[in-house]
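The values are calculated or read from the model by the stated rules, or taken from the named source; none is laboratory data. In this text, all values refer to a predicted model and were calculated from it rather than measured experimentally. Here the Cβ positions follow ideal geometry from the backbone for every residue, glycine too, while neighbour counts run over all protein chains shown.
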2 protein chains.
Amino acid sequence: MHHDKIILNHGGGGLLTKELISNLFYTYFKNDILLEQGDSAILNTEAGHLAFTTDSYVVDPIFFPGGNIGKLAVCGTVNDLSVSGAKPLYLSAGFIIEEGLSMNDLEEIVRSMAEEAKKAGVQIVCGDTKVVNRGKCDKVFINTSGIGILEDRHKEIGSGRKIQVGDKIIINGFVGDHGIAVLGARKSLNFQTEIKSDCASLSHIIQEVLAEVDVHFMRDATRGGLATVLNEIAEHRNFGIEINEDEIPVREETQGVCELLGFDPLYLANEGKVVMVVPADKVEVCLSILQNNELAKDSRTIGEIVESYPGKVILKTSIGGRRFVELNTGEQLPRIC
Amino acid sequence: MHHDKIILNHGGGGLLTKELISNLFYTYFKNDILLEQGDSAILNTEAGHLAFTTDSYVVDPIFFPGGNIGKLAVCGTVNDLSVSGAKPLYLSAGFIIEEGLSMNDLEEIVRSMAEEAKKAGVQIVCGDTKVVNRGKCDKVFINTSGIGILEDRHKEIGSGRKIQVGDKIIINGFVGDHGIAVLGARKSLNFQTEIKSDCASLSHIIQEVLAEVDVHFMRDATRGGLATVLNEIAEHRNFGIEINEDEIPVREETQGVCELLGFDPLYLANEGKVVMVVPADKVEVCLSILQNNELAKDSRTIGEIVESYPGKVILKTSIGGRRFVELNTGEQLPRIC
């Protein structure tokens, strides 16, 4: 569909985002590194491989149960490097601040960033501050870009080239927590929830897994949720993916809110969830490493790579049916991250 | 002065910006790399020395004579890497777009970025797109972060440690063009000008100079203008700087607009101007390389590093007087870059 103007869905992480990126950004910026479409760009320098990634954070509200925009800005970029197989090392921090933001709020955000960077084992090494007039942004937007170092044996993880039929798909816990926590914090939506954002840096747990398991692919399930990541895997490499509804960890409360508001938990954003594609014979060791860690204690195998239905994601439902899980074409939740 | 809230001047590049960075960002994020306060962070990795930098661009209006926000976003970050002595190689591009932006405008911006990246010899290798509701940003904000590679012999350029008394200060042309062009493009200010932004990537010309001249320090004179860069040099290394008003290249038209509107050209933003500190015996070769290039044909020596008045910038005026050029403490022009 042709659009003369940018609409909210162009930023939702679904089909329209994908179209905008392919038709505009890839068309003009095209180069071999960009077109790999990984979570990070892989830079092959003379002495080693680097991963490089960027994300802007515009979450509304800027404080929510389980985190704030600053913590999110560190976790999100650390995780993008981590799922590329890299060890995250350095972050930049670019602030666009609305005139009138309270200095206490800004300090709390910056404090959270410093704390999370320490946890994740990264240093914030450069930054930039812009201030715009009142009403020209919304409190604060933060961009973080990150650099990580990539061992030679991990450099194909982000490309998905190692994915094979029979590989199992693992997720490290409950889906949708971040989406529900942010929605609950919006005063416009009239519901209350105990659910906290899962916002967390997965750098250490992913490095632990990589030390023992030949992970074939990883991606963090953020904007667009689990459904979007699975579709990206299926399309990009042209395999089918079969997942079992009964195995997908969804909190009862998340399910309840979703039924109330008409959301599907598979499309809700997460900020501490990684989808791993691992060889079948490595599932046990992978799960045992994950389940030993607080950030992944509810890890489960949720499905596998199949030969049938190339490019499609098939959900085996609780009542024994099967349906396709499509890339989201409808209304997205804006400013969830 | 204590502020409870962020005000526009916190983003103006003057004293308040400096205070915000020192009191807040450096306090929480502190590490040896960040505290070098260079235009780029210098990363000593196994893969050699890397320069890493970030900038968010919020210029208003997004199109102006001589460029647009996209061209600016490439030039600005390329120049931050270049003045650190690095050869720029890779950029990220993070877009925050307001719902309703015309697709044609976005395409023109992206086209300019691709064109300028090609000119500068860099690849845009990763990106991010967010869309916010109408009225929650202003058309489009762009963050670019960049990575460059740094030869061992250039790794101290950004630190300023090589600056010595007697070194000469060179600028590659007229100051204030970008500031005047952007102000002229604002419909709110009722003046017209023929002046175009000097927005340009200086990567090639800087590399040419570095091949022949042991440059002791460089910085691009963007937000806050020439006066701010000179003050940063003087304060950071605690030398004095003496500049000659008569030698500073200012267009007659810039001077006229400044007199009319009450600006000082020394504080106006540039986006294609580099201040170089070079040993006295290298001035001739440096100027001859610069003046051979279209982007630097009006290069001139404007002053020198002196022992007296450490930390201060002294201007020898046309009529023979002397005055301090202070870091700007007054009203800044918001959203000039």
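Please pick out the residue among B:138, B:128 that is in contact with a Lys or Arg (Cβ under 8 Å, 6 or more places away or on another chain), on the phi < 0 side of the Ramachandran plot and either outside the structural domain of residue B:82 (by TED's automatic domain parsing) or at pLDDT 95 or above (or both). Give the steps one after another, and end with the answer.
Working: B:128 fails: in contact with a Lys or Arg (Cβ under 8 Å, 6 or more places away or on another chain).
Just one listed residue meets the conditions, B:138.
Take the range A:125-143 and flag every residue that is touching a residue at least 40 places away in the same chain (Cβ under 8 Å) and either crowded, with 23+ Cβ neighbours inside 10 Å or of a type in the set (A, V, I, L, M, F, W, C) (or both).
Answer for the range A:125-143, where residues must be touching a residue at least 40 places away in the same chain (Cβ under 8 Å) and either crowded, with 23+ Cβ neighbours inside 10 Å or of a type in the set (A, V, I, L, M, F, W, C) (or both): A:137, A:140, A:141, A:142, A:143.
Would you mention how many residues in the range B:104-124 are more than 8 Å from every other protein chain (Cβ to nearest Cβ), farther than 15 Å from residue B:201 by Cα and either buried (at least 20 other Cβ atoms within 10 Å of the Cβ) or modelled with pLDDT under 95 (or both)? Adding up the residues that qualify gives 1. For the range B:32-75, a residue qualifies if it is in contact with a strand residue (DSSP E or B) (Cβ under 6 Å, 6 or more places away or on another chain), charged (D, E, K, R) and modelled with pLDDT of 95 or more, and exactly one does: B:55. Annotation: residue A:100 fulfils all but one of (1) buried (at least 18 other Cβ atoms within 10 Å of the Cβ); (2) within 8 Å of another protein chain (Cβ to nearest Cβ); the unmet one is (1). The single condition among (1) farther than 20 Å from residue B:93 by Cβ; (2) of a type in the set (Gly, Ala, Ser); (3) assigned to a strand (DSSP E or B) that residue A:85 does not satisfy is (3).
Restricting attention to the range B:288-311, the residues that are buried (at least 17 other Cβ atoms within 10 Å of the Cβ), out of contact with any Lys or Arg (no Cβ under 7 Å at 6 or more places or on another chain), within 27 Å of residue B:323 (Cβ to Cβ) and not β-branched (Val, Ile, Thr) add up to 3.
What tally of residues in the range A:50-69 results from selecting those that are outside any strand (DSSP E or B) and at the interface with chain B (Cβ under 10 Å from one of its Cβ atoms)?
Kept after step one, since they are outside any strand (DSSP E or B), are these residues of the range A:50-69: A:58-62, A:65-66, A:69.
If we keep only those that are at the interface with chain B (Cβ under 10 Å from one of its Cβ atoms) too, we end up with A:58-60.
Number of matching residues: 3.
Just one of the numbered conditions (1) within 19 Å of the chain's Cα centre (by Cα); (2) in a strand (DSSP E or B) is not true of residue B:337: (2). The set of residues in the range B:159-168 being touching a helix residue (DSSP H, G or I) at 6+ places or on another chain (Cβ under 8 Å) and either in the same structural domain as residue B:287 (by TED's automatic domain parsing) or modelled with pLDDT of 95 or more (or both) consists of B:163, B:166, B:167, B:168. Look at (1) within 26 Å of residue B:74 (Cβ to Cβ); (2) crowded, with 18+ Cβ neighbours inside 10 Å; (3) not basic (Lys, Arg) and you find that residue B:48 fails only one, number (2).
Of all residues in the range B:1-49, exactly one satisfies the criterion of being assigned to a helix (DSSP H, G or I), facing chain A (nearest Cβ under 7 Å) and under 21 Å from residue B:153 (Cα atoms), namely B:34.
Every listed requirement among (1) surrounded by fewer than 22 Cβ atoms within 10 Å (Cβ to Cβ); (2) free of Cβ contacts under 8 Å to residues at least 60 places away in the same chain; (3) within 14 Å of chain B (Cβ to nearest Cβ) is met by residue A:151 save one, (2). Among the hydroxyl-bearing types (Ser, Thr, Tyr) and farther than 23 Å from residue B:88 by Cβ - does that describe any residue in the range A:48-60? So far as the range A:48-60 goes, yes, one or more of its residues are among the hydroxyl-bearing types (Ser, Thr, Tyr) and farther than 23 Å from residue B:88 by Cβ. Checked against (1) touching a His at 6+ places or on another chain (Cβ under 8 Å); (2) more than 9 Å from chain A (Cβ to nearest Cβ); (3) crowded, with 20+ Cβ neighbours inside 10 Å, residue B:78 passes all but condition (1).
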